[in-house]
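Just below is one structure, and these are the notes that go with it.
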Amino acid sequence: MSQLHVRQAKAIKGEIKIPGDKSISHRAIMIGSIAKGETNVSGFLASADCLATIDCFRKMGIAIQTDDSNHVIVKGKGLRGLEKPGQRLYVGNSGTTIRLLSGILAGQDFISEISGDESIQRRPMGRIAKPLRLMGGEIQGRKERDKPGELFPPLKITGGKLNGISYELPVASAQVKSAILLAGLYANGETTVIEKNYSRDHTERMLEHFGAPIAKQGETVRLTPAKELSANEVDVPGDISSAAFFMAAATLIPGSEVRIRNVGLNPTRTGILDILHRMGGAVEVENEVIGSGEPRGDIVVRSAQLRGIKIDGAIIPRIIDEIPIIAVLASQAEGFTEIRDARELRVKESDRIKTIAAELGKFGVTIEELEDGLRILGPAKLKGGAIESRGDHRIAMAMAIAGLVATGPTVINDADCVETSFPGFIDRLQPFI
Ligand code: S3P
């Protein structure tokens, strides 16, 4: 298991290109596989998570060609074209793969099994099993004695005839919303999902891009089953969740100025820009355009002095993956930053509330773990040390950025996990350390 060594950095200047968006890359493979015809994907994120999605669809008979320049061709066989996999599907570390794919599998006329690594086997699946069962799917999973009513992978999914439902999401989750909508493609009648706080809407946008009859009205998304989806080109923008690490580095290291090109700017994902503005950050968006149904543009960031703020409510789903790096920003901001309503962090790749508090604490930050968030006092003089990623990619990368502003060397142990979402992170960091 590799280590990542980081030292205090000088100003970072110039242009940075960020790999493709993880959420959109997963969806391009999944929706491309069940559409009819050839889907050409450019800017695909060839990270461990998205490669796991490709592997699952290949095991169901879909031909998918990849090359070294992030170009993927998916030879979709239509809504009824998947074949029963000859073995258990393996999603590695990817929550998006297991939850979205379960929605598709619930609508197939075969039985399948799906599981993943140790972290996946601890992640709750009751949230997808409940609506998929209401639609008529049969989902079985592993139970744990101290978590009655919850379900964990491996999952066994007996697909069959589904009926559309109207379902109000109890937690803001794009993965749950997407599982229901993808199952809805196979259902009799309309499927409606109602969400109180908006989560990322890449599935809705991509289904529309592939010709599905889907409409959004306020908090309600409605899907009527389509006969077929038609293949389309997908140009994947850079991942704003990956860009966030370099946005934070440029903000915190005095004299920095970076332009991050072609970053996805879907409004359900841009909470990090709002947070940086509220904290006093110097961040601007330029050259905004729409491609493949998704807005994208350049983000320009200069170093700035930050102030602590309160973060809660509707913005939380829009920054859900950025909270580890926001905690690092907060450690350098004047005063208290309080993050609330973020209980979901406890069931991510690690218990991120616990992990952030423990690992950022090792740098000498005054940080308090709250039941549904964190309270952080800044500005703290960070001291480098030995950090444990706990197998969580976003923890590894957030702590690496903390290492850039700390005095003394920092080592991130178990750093291979950055491959989950950001291959090349270390190479992009190298010029500055
Ligand atoms: C994702 C949704 C979010 C996010 C994850 C990717 C997606 O998870 O944290 O990294 O692609 O739909 P939840 O749906 O559990 O909030």
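Points worth noting:
- Residues within the stretch 319-338 that are more than 16 Å from the ligand (Cβ to nearest atom), open to solvent by 10 Å² or more (accessible area, probe 1.4 Å) and touching a helix residue (DSSP H, G or I) at 6+ places or on another chain (Cβ under 7 Å), tallied: 1
- Output for the stretch 286-317, where each listed residue is under 28 Å from A11 (Cα atoms), open to solvent by 30 Å² or more (accessible area, probe 1.4 Å) and out of contact with any Ser or Thr (no Cβ under 7 Å at 6 or more places or on another chain): E286, N287, E288, Q305, R307
- The stretch 373-399, residues that are of a type in the set (G, A, S), touching a residue at least 40 places away in the same chain (Cβ under 8 Å) and over 29 Å from G92 (Cα atoms): G378, A380, G384
- For the stretch 138-154, the set of residues classified as away from the ligand (no atom under 16 Å from the Cβ) and part of a strand (DSSP E or B) consists of E138, I139, Q140, G141, R142, P154, listed by residue number.
- Of all the numbered requirements in (1) among the charged types (D, E, K, R); (2) within 18 Å of the chain's Cα centre (by Cα); (3) over 26 Å from R428 (Cβ atoms), E349 misses one, and that requirement is (3).
- Within the set K77, K17, K10, K59, the sole residue that is away from the ligand (no atom under 16 Å from the Cβ), more than 20 Å from R428 (Cα to Cα) and touching a residue at least 40 places away in the same chain (Cβ under 8 Å) turns out to be K77.
- Considering the stretch 1-48, and only residues there that are of a type in the set (V, I, T) and in a helix (DSSP H, G or I), the residue that is nearest to G385 (Cα to Cα) turns out to be I24.
- Counting only strands (runs of 3 or more DSSP E) that sit completely within the stretch 339-393, those holding 3 or more residues that are open to solvent by 60 Å² or more (accessible area, probe 1.4 Å) and away from the ligand (no atom under 15 Å from the Cβ) correspond to 366-370.
- Selection status of I73, out of contact with any helix residue (DSSP H, G or I) (no Cβ under 6 Å at 6 or more places or on another chain) and open to solvent by less than 50 Å² (accessible area, probe 1.4 Å): yes
- Residue match in the stretch 94-115 (condition: in the same structural domain as S178 (by TED's automatic domain parsing), basic (K, R) and open to solvent by 50 Å² or more (accessible area, probe 1.4 Å)): no
- Selection of the stretch 156-179 for residues being more than 16 Å from the ligand (Cβ to nearest atom) and assigned to a strand (DSSP E or B) yields K156, I157, T158, L162, N163, S166.
- Single unsatisfied condition, T203 versus (1) of a type in the set (S, T, Y); (2) under 25 Å from L89 (Cβ atoms); (3) assigned to a strand (DSSP E or B): (3)
- Cross-chain or 6+ apart pairs with Cβ under 6 Å, the stretch 190-205 first and among the aromatic types (F, W, Y), then part of a loop (DSSP other than H, G, I, E, B) and within 12 Å of the ligand (Cβ to nearest atom): Y198/T268
Yes/no matrix, rows are residues, columns are (1) among the acidic types (D, E); (2) closer than 30 Å to K383 by Cα; (3) not assigned by TED's automatic domain parsing to the domain that holds G384:
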site	(1), (2), (3)
R7	no, yes, no
A11	no, yes, no
M30	no, no, yes
E38	yes, no, yes
G43	no, no, yes
S47	no, no, yes
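- The residues of the stretch 310-338 that are on the phi > 0 side of the Ramachandran plot and assigned to a helix (DSSP H, G or I) amount to a single one, G313.
- For the stretch 180-202, the tally of residues that are near the ligand (Cβ under 9 Å from one of its atoms) and open to solvent by less than 10 Å² (accessible area, probe 1.4 Å) stands at 2.
The values are calculated or read from the model by the stated rules, or taken from the named source; none is laboratory data. Worth saying up front: this structure is predicted, and the values here are computed from it rather than measured. Every residue, glycine as well, gets a Cβ built from its backbone with ideal geometry; the counts of neighbours run over all protein chains shown. What goes into the accessible areas is simple: the full protein's heavy atoms, side chains included, and nothing from ligands, DNA or RNA. Shrake-Rupley method; radii C 1.70, N 1.55, O 1.52, S 1.80 Å.
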